[in-house]
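Presented below is the structure to which this report refers.
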Amino acid sequence: MGIFRYLQITLVEKGSGSPTKIVINDRFLQIVILLWVLFFGALLYSR
């Protein structure tokens, strides 16, 4: 979902530029990244 949101911002909304600025300004991307980190951490420490 995060990749599709990034593509939507860059292609549809013509918001290309610094990926860092896009992530800082987009709440949905921040939530997706946070969930990915939590899920990955849970997989690593589940044993």
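A short reminder: the numbers here are calculations on the coordinates, not readings from a lab. Keep in mind the model is a prediction, meaning the values are calculated, not measured.
Descriptive notes on the structure:
- In Hz, Karplus ³J(HN,Hα) per residue of segment 14-28 (6.51, -1.76, 1.60; θ = phi - 60°; x = Gly, Pro): 6, x, 5, x, 6, x, 5, 5, 5, 5, 5, 8, 10, 5, 4
- Annotation: amide H-H contacts under 5 Å for GLY15 (H modelled 1.01 Å from N, sequence separation of 5 or more, or interchain): THR10.
- Seen from a random direction on average, the alpha-carbon convex hull of segment 2-44 projects onto 3.0 square nanometres.
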